[in-house]
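Below: one structure, written as structure tokens.
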Amino acid sequence: MAWPRRGRSRSPSRWRRGGAAAAAGGMGAAGRRALRAGLALGALVLVLQGLRGWLASKRYEFSPAEIAQLARHHAGLDHELAFSKIIVELRKKHPGHILPDEDLQWVFVNAGGWMGSMCLLHASLTEYVLLFGTAVDTGGHSGRYWADISDTVISGTFRQWKEGTTRSEIYYPGDTIVHQAGEATSVQWSAGTWMVEYGRGFIPSTLAFALADTLFSTQDFVTLFYTLRAYAKGLLLEANAFFSTLGC
């Protein structure tokens, strides 16, 4: 009777060599992934450093002091009257940089748990000027931004509780609140609080917070469209102003 032939078994030394080769291949793949991750991180750091340098050296159309002074001059007036005067004066001082009346629109803003309304006057990649306020009591988280933001109160009251403190501060008409880049606070507006806001920094970075509640909570996509349309109009106006200075 013929016995079945058994398959040839691999020697222990051959198993060890195969295992070592597999381990070396795995380590090589992990090394390549680590290298790619390191290169991507390095590129991101360079981009952020370049962006930071650009923001620090570029010329800005507006200044925080100018906007705050203009708003303080009209603080205490009926907010609609104050806003109309502020728009007129801004157009005189910055022709071609303030949206025309037909593009001005009050748009709801839901962010950080609070709800307000804004009217965008100027927007670019590095600056914005807008009117903001609320007709009802509201409050929540301020958000953290890669931008410095200042608000000057026209009417009503604004309360701010800064991170790391145990007391809040109340601001009244004529007061200016400065929110530095990277800061986070608790914010609260009383009904009928209206203000003028100026932001300077990498403005697209603020949109994630500004639109998060609209996307994931209220799902008010009409408001989302209005917000993006207003910003797009501001960018187009600034592009037109830029090319006009070049004689195009």
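The values are calculated or read from the model by the stated rules, or taken from the named source; none is laboratory data. Here the structure is a predicted model, which is why all the values come from computation and not from measurement. So basically every Cβ, Gly included, is an ideal-geometry build from the backbone, and we count neighbours across all protein chains shown. Note: accessible area is taken over every heavy atom of the protein model, side chains too, but ligands, DNA and RNA are not part of it. Shrake-Rupley method; radii C 1.70, N 1.55, O 1.52, S 1.80 Å.
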Worksheet entry | Percentage relative contact order, the stretch 95-135, counting C-alpha pairs under 8 Å, at least six apart | 31
Fill in: Efficiency of FRET from Cβ geometry, VAL178 and THR157, R₀ 25 Å, rounded to 0.05
0.90
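For the stretch 113-248, compute Rh as the Kirkwood radius over C-alpha pairs and then the Stokes-Einstein diffusion coefficient at 25 °C and 0.890 mPa s; write the answer in µm²/s, rounded to an integer. Present the calculation step by step, with values, prior to reporting the outcome.
Details: Rh = 15.8 Å.
Value of D from the Cα-based Kirkwood radius: 155 µm²/s.
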Practice prompt. Leaving ligands, DNA and RNA out of it, report the carbon-plus-sulfur percent of the accessible area of the stretch 59-122 at a 1.4 Å probe.
Written response: 55
Worksheet item: Roughly speaking, what is the centre-to-centre gap between the stretch 184-228 and the stretch 99-157 when only Cα atoms are used, to the nearest Å?
Response: 6
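Kindly give Rg over Rh for the stretch 116-167, based on alpha-carbon atoms, with the Kirkwood expression for the hydrodynamic radius.
Details: Rg = 12.9 Å, Rh = 13.3 Å.
Result for the stretch 116-167 is an Rg/Rh of 0.97.
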Discussion item. Can you give me the accessible area per residue for the stretch 78-230, using a 1.4 Å probe, in Å²?
Written reply: 47
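Given a 1.4 Å probe and every protein chain left where it sits, what share in percent of the accessible area of the stretch 164-223 is carbon and sulfur?
Numbers: 1670 of 3010 Å².
After summing per-atom areas, the C and S share lands at 56 percent.
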Worksheet entry | Debye intensity ratio I(q)/I(0), log10, the stretch 80-179, q values 0.24 Å⁻¹ (C-alpha model) | -1.64
Worksheet item: In percent, what relative contact order does the stretch 71-149 have, based on Cα pairs under 8 Å that are 6 or more apart in sequence?
Response: 20
Discussion item. Under the rule of at least 5 residues apart or a separate chain, name every residue whose amide H is placed under 5 Å from the amide H of ALA147.
Written reply: ALA181, GLY182
Worksheet item: With r defined as the distance between the Cβ atoms of GLN105 and ALA208 and R0 fixed at 30 Å, what FRET efficiency is calculated, to the nearest 0.05?
Response: 0.85
